Structures are given as C-alpha cells and as structure tokens.
Ligand SMILES: Cc1cc2nc3c(=O)[nH]c(=O)nc-3n(C[C@H](O)[C@H](O)[C@H](O)COP(=O)(O)OP(=O)(O)OC[C@H]3O[C@@H](n4cnc5c(N)ncnc54)[C@H](O)[C@@H]3O)c2cc1C
C-alpha cells in the first residue's frame, strides 16, 4: 500500500502557487488510481494555515506542516531538513512535489538522506498494473519514457503545466505540526534582484508564446536593419497581449558578436534543443527560419503559426499549422494597431 505525500513550499502569503495545486490534482488522481493508497499533504513555509485551508477538501487524511520564519526563505539546509522531517512523519512511500526552485534544489538531497530515489522533470503520473509510474522526456525532449521503480521512498518532481490545478472548496483545516531539528544556518537571503515587471518577458502561464528570430535584426528590403523598430514592435505586442517571449539561438547569440540586438533578449529566452521547451496553447514565430533544433523547442506548443518572408522556410515543411508568407514588420505593425 502506497502512502502518497503531496509536498509543497508555500508562497510568501502562505498560499499555494498554481504549480503546487497542479501537483495536488495529480497526486489525488494517482491516489484514486492506486486502491488502498493514502494521500497525505505536507506544507512548508512561514505560515502554512492559508494553504492548508485551501486544500481542506482535497481528501488528504492528514495535513502536516512545518512553519516558522526560518522556513520562509529558500535555503537548502532548512528546506531539506523540513522536507525530510515531513516525509518521515508521513511514512511516505511516494513524495510528489511541484518542480519549483526550492524543491528542485533540496529534494534530491532529501532522497539521499531517506535512502530513496528521485525523478525530476516528470510530466505525468499514472498507475500501471497497480503500480505508480512516471513519464518524462529524455535527450532534449526527443524521446518520452515511462518508468516505475521498486525503491521507496520515491520522490517525483512534477513540471508545471502538466495537470489541471486543484480547485476544490476551501475550508478550515487542522495542521499537524512537525518538529524539525534546525540545522546550522549559514545562509541568509539578503533580498531579490529581479528585472522591473515591464522587462519580465518570460511568462510560463501565458496563452501565447511569441518567438522572435534573427531576421528581426537583419537587413530588410531597403538594405538597412531596423532593430530599434523591431524592439518597439515586439515590446508593444508583448505589452498588449502579455504573451511570453521566446527567441532563437541565433538572435540571443548576436550580442556576443557585436551586431544589432534586441536589448531585452537574453539566453533565458532561448527555446530549442539547447534552450527551453515551454508549454503554451499557441505559438507565433516571427522572422525565424524554424530549424529542427528550434522545432524541438516547440514540441509542447499546441497551435503553431509563423510569419516569414521565405515561402520555402522550414515552417513551410510541415512544422507550422499556418505560415503567413509576409513581412513581419508590416504584419506586427497592423496587429498592434488592431490591438489598440
Ligand atoms: C547543436 C545545435 C543546437 C542548436 N540549438 C538551438 C536551439 O536550442 N534553439 C535555436 O533556436 N537554435 C538552435 N540551433 C541553431 C539553429 O540550427 C538555427 O541556426 C537557428 O535557430 C536559426 O535562427 P533564426 O531562425 O533566428 O535565424 P535565421 O536562420 O537567420 O533565419 C531568419 C529568418 O528570418 C526571416 N526574415 C527576415 N526578415 C523578415 C521579415 N521582415 N519578415 C519575416 N521574416 C523575415 C528570413 O526569411 C529567415 O527565414 C542549434 C544548432 C546546433 C548546431
């Protein structure tokens, strides 16, 4: 009989992020598919009561909590100690956590401490022949594998966007506190340095991924590059639609070559074989050729459209649902005007 622990770090206000609610929904589903299994919730943070209340009706037999100022910050020593204590208190055989930065960093160490195993970047959970199984991608998202393990406890970190978020009614939950022997604390988070909100162009929850390719900075039919106008058109579109911004490798590499660049673009925006493989319902690629490595980055995009001057570009070879053979400057000028 499996004891499934849904484990999550709470947000600063004590609530659960969407990715955590997605993992909870997946944990509930897995528990339902494994007869005789038990679902336990474990919450870690400064204050876990709001999160516990939000999942009061989720069907967990117990809600365990580690709370206090020491657990508000992302810090390996305290996060690992708390997760280890919760997993032991739950007597968990399966631990499911959202693949956020805190879990990604601390839970591999927890698996080691518990003598268990861990799988990261999991994209689906299921029961196969009465046993839990996880699905993940390998070799830069080119191959998908489903695996089971006999080792316990087995920790799986679920990627965001792979399950619908839990949306049950809130209630008044009783949290069973778990005592944690505090480790020596040598690290304090002094603060955050983040780009201003209007420069934050990577939005994992956006409905649309807008990808800009190197064509935006190349010479245009008048023989001149127009990088400044490209910047303004792209930023205007992102501002109006709140789309997420992706880039090709060629475009983000240009800065190192001293060419005209889009200043808000960094390597974090890059999608593809050597970049990210984001998940958005729709994607629009502009001024990019659509090479195979880039197509890998589009694997999880639902509906794909592209704008390219070249009717024979790779997007025309079955990689886009719709290819607009057009000048992206003209199209985006018109689109922005229509968006108002
Ligand atoms: C091992 C390896 C890994 C790689 N990994 C990645 C990766 O992870 N991600 C990635 O992106 N690339 C990757 N690449 C590079 C990839 O092969 C391509 O070289 C790159 O994606 C091309 O970028 P691009 O389409 O922006 O530029 P280009 O190939 O220069 O294409 C520019 C396009 O813009 C179009 N264009 C120009 N002006 C306009 C206009 N006004 N309107 C409309 N269209 C216009 C042109 O017709 C052209 O098709 C990798 C390569 C290798 C070898």
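The values are calculated or read from the model by the stated rules, or taken from the named source; none is laboratory data. Model, not experiment: these values are computed from the prediction. So basically every Cβ, Gly included, is an ideal-geometry build from the backbone, and we count neighbours across all protein chains shown.
Tabulated values for the structure
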{"read-out": "Candidates 190, 163, 151, 167, filtered to the one that is out of contact with any strand residue (DSSP E or B) (no Cβ under 6 Å at 6 or more places or on another chain), part of a loop (DSSP other than H, G, I, E, B) and free of Cβ contacts under 8 Å to residues at least 60 places away in the same chain", "value": "190"}
{"read-out": "Residues that are surrounded by 12 or more Cβ atoms within 10 Å (Cβ to Cβ) and in a loop (DSSP other than H, G, I, E, B), drawn from the range 170-182", "value": "170, 171, 173, 175, 178, 180, 182"}
{"read-out": "Test: residue in the range 127-142 that is touching a helix residue (DSSP H, G or I) at 6+ places or on another chain (Cβ under 7 Å), closer than 24 Å to residue 189 by Cβ and modelled with pLDDT of 95 or more", "value": "no"}
{"read-out": "Filter result for residue 210 (away from the ligand (no atom under 11 Å from the Cβ) and part of a strand (DSSP E or B))", "value": "yes"}
{"read-out": "Number of the condition not met by residue 235 [criteria: (1) within 13 Å of the ligand (Cβ to nearest atom); (2) part of a helix (DSSP H, G or I)]", "value": "(1)"}
{"read-out": "Residue count for the range 296-311, restricted to those that are near the ligand (Cβ under 9 Å from one of its atoms) and outside any strand (DSSP E or B)", "value": "4"}
{"read-out": "Within the range 321-337, tally of residues that are closer than 15 Å to residue 212 by Cα and assigned to a loop (DSSP other than H, G, I, E, B)", "value": "2"}
{"read-out": "Meets criteria (within 11 Å of the ligand (Cβ to nearest atom), touching a strand residue (DSSP E or B) at 6+ places or on another chain (Cβ under 6 Å), in a strand (DSSP E or B) and at negative phi) for residue 283", "value": "no"}
{"read-out": "Residue count for the range 238-264, restricted to those that are in a loop (DSSP other than H, G, I, E, B), more than 11 Å from the ligand (Cβ to nearest atom) and within 23 Å of the chain's Cα centre (by Cα)", "value": "3"}
{"read-out": "First in the range 283-300 and farther than 14 Å from residue 237 by Cβ and modelled with pLDDT under 80, second anywhere and part of a helix (DSSP H, G or I) and more than 6 Å from the ligand (Cβ to nearest atom), Cβ under 7 Å, 6 or more apart", "value": "291/314"}
{"read-out": "Those residues of the range 50-87 which are over 25 Å from the mean Cα position of the chain (by Cα), under 25 Å from residue 187 (Cα atoms) and free of Cβ contacts under 8 Å to residues at least 60 places away in the same chain, in sequence order", "value": "68, 69"}
{"read-out": "Selection within the range 265-276 - assigned to a loop (DSSP other than H, G, I, E, B) and either near the ligand (Cβ under 9 Å from one of its atoms) or surrounded by 20 or more Cβ atoms within 10 Å (Cβ to Cβ) (or both)", "value": "265, 272, 273, 274, 275"}
{"read-out": "Of all residues in the range 309-340 being touching a helix residue (DSSP H, G or I) at 6+ places or on another chain (Cβ under 6 Å) and touching a residue at least 60 places away in the same chain (Cβ under 8 Å), the one that is farthest from residue 290 (Cα to Cα)", "value": "339"}
{"read-out": "The one condition in (1) at pLDDT below 95; (2) within 10 Å of the ligand (Cβ to nearest atom) that residue 216 fails to fulfil", "value": "(1)"}
{"read-out": "Neighbours by Cβ (under 6 Å, 6+ apart or cross-chain): first from the range 237-252, more than 21 Å from residue 299 (Cα to Cα) and modelled with pLDDT under 95; second within 15 Å of the ligand (Cβ to nearest atom) and in a loop (DSSP other than H, G, I, E, B)", "value": "none"}
{"read-out": "Residue within the range 110-119 that is under 28 Å from residue 12 (Cβ atoms) and in a strand (DSSP E or B) present", "value": "yes"}
{"read-out": "Subset tally (residues that are over 11 Å from residue 233 (Cβ atoms) and either surrounded by 17 or more Cβ atoms within 10 Å (Cβ to Cβ) or within 30 Å of the chain's Cα centre (by Cα) (or both)) for the range 324-340", "value": "2"}
{"read-out": "Which numbered condition residue 202 misses (of (1) within 12 Å of the ligand (Cβ to nearest atom); (2) over 19 Å from residue 305 (Cβ atoms); (3) modelled with pLDDT of 90 or more)", "value": "(1)"}
